[in-house]
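The values are calculated or read from the model by the stated rules, or taken from the named source; none is laboratory data. These figures come from a predicted structure and were not determined experimentally. Every residue, glycine among them, receives a Cβ derived from its backbone with ideal geometry; neighbour counts consider all protein chains shown. Heads up: the accessible areas ignore ligands, DNA and RNA and are worked out on the full protein's heavy atoms, side chains in. Shrake-Rupley method; radii C 1.70, N 1.55, O 1.52, S 1.80 Å.
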Amino acid sequence: MKEDQDPQLPSFDFKSFMVDKVNAVNQALDSAVPLRDPVKIHEAMRYSLLAGGKRVRPVLCLAACDLVGGKESMVMPAACALEMIHTMSLVHDDLPCMDNDDLRRGKPTNHKVYGEDIAVLAGDALLAFSFEHIAVSTVGVTPDRIVRAIGELAKSIGAEGLAAGQVVDITSEGLTNVGLDHLEFIHVHKTAPLLEAAAVLGAILGGGHDEDVEKLRKFARNIGLLFQVVDDILDVTKSSKELGKTAGKDLVADKVTYPKLMGINKSKEFAEKLKSDALELLQGFDPEKSTPLIALANYIAYRQN
């Protein structure tokens, strides 16, 4: 199956859903980070933040909130915060001291436009503001849930989350004895945490019960790993033009990837299993409200860039 939509969901227009949600997120991001003094850093922040992108994390956050009965307005600041942090990670990831990339979302990377010093500071500012934005702009949610959400988000990107995955990824380059468990550790900590945080924040801020929060945590962990497996496959099967970023860079950097360890076909089978496991966790929720999450899992599984 190569379409974004599940054959069991004929009445759900996923593309329209994504366009509506992405537009809402983009408007909220534009309002949250206006161009103001000092102009240079806000310009650099906006350059990467508003450069497009799939907005998978904020959309997942909005959909999780809706699934547990919350309103979009309750979770939009958190959805924006997730995209700010994701953007920060891309800006820093692209730096010469990290992945040394010149292209991101089809445009020159932040440091290529503003210099390395401003790119580092723009990423730092986005990270700091993401927490401020949740704390100051979240409405209609009890303080205890806001504090809990901030704690979850901080943990997902720190030394036990995103940063841990990045470090192990960097130190694994060129190693020949890396196995699947090691690779899974990298991605459960590097790619999955923000997707996991997106679902968990949506459920917490939307008023979900602890059981709902944990089901959505596991769902997101599966699609987070799925996202990376598909990313690895695309890196070796698509061109830079198709991807909007440098293709084949994992091979050049001698990075450990799923296709390198399992081959393309086994990687595709693993992706299919992760998707099935994720969808199983949505059983028991309102079928209509879980439809966007099912479609999102399919989108991640079958995306072409």
Accessible area (Å², 1.4 Å probe, nearest 10) - residue 155: 130
Assign unit charges at the C-beta atoms only (+1 for Lys and Arg, -1 for Asp and Glu), then state the dipole size of the chain relative to its Cα centre in Debye, rounded to the nearest 20. 500
Using 10 Å bins from zero, what percent of all Cα-Cα pairs in the range 28-75 falls into each bin? 23, 39, 28, 10, 0
If every alpha-carbon in the range 1-135 counts as one equal scatterer, what log10 I(q)/I(0) does Debye give at q = 0.12, 0.14, 0.16, 0.22 1/Å? -0.52, -0.68, -0.83, -1.27
Can you run phi through the Karplus equation (6.51, -1.76, 1.60; θ = phi - 60°) for the range 80-97 and list ³J(HN,Hα) in whole Hz, with x for Gly and Pro? 5, 4, 4, 5, 4, 5, 4, 4, 3, 5, 6, 4, 6, 4, 7, 4, x, 6
Using amide H atoms built 1.01 Å from N in the peptide plane, name the residues 5+ places from residue 103, or on other chains, whose amide H lies under 5 Å from its own. 109, 246
To the nearest 500 deg cm²/dmol, what mean residue ellipticity at 222 nm is calculated for the chain from DSSP H runs of n ≥ 4 alone, each contributing -39,500 (n - 2.57), summed and divided by the residues? -22500 deg cm²/dmol
Along the range 198-208, Karplus-curve 3J(HN,Hα) (6.51, -1.76, 1.60; θ = phi - 60°) to the nearest Hz, with x for Gly and Pro, reads 4, 5, 5, 5, x, 6, 5, 5, x, x, x
Cα-derived Rg over Rh, computed across the chain with Rh taken as Kirkwood radius: 0.94
Projected area, mean over directions - the range 83-169, Cα convex hull, nm²: 6.4
From most to least accessible, 1.4 Å probe, no ligand or DNA/RNA atoms counted, 134, 41 line up as 41, 134
Can you list the GluC sites (Glu not before Pro) in the range 147-223 that are in a DSSP coil and have 14 or fewer other beta carbons within 10 angstrom? 160, 173
What are the semi-axes of the equivalent ellipsoid for the range 116-243, taken as the square roots of 5 times the Cα gyration tensor eigenvalues, largest first, in whole Å? 29, 19, 14
Largest first, what is the accessible-area ranking of 235, 181 with a 1.4 Å probe? 181, 235
Cα-Cα separations in the range 103-153 greater than 17 Å, expressed as whole percent: 52
Distance cut-off 26 Å, Cα to Cα: go down the list 15/273; 40/155; 15/255; 21/273 and report the pairs above it. 40/155; 15/255; 21/273
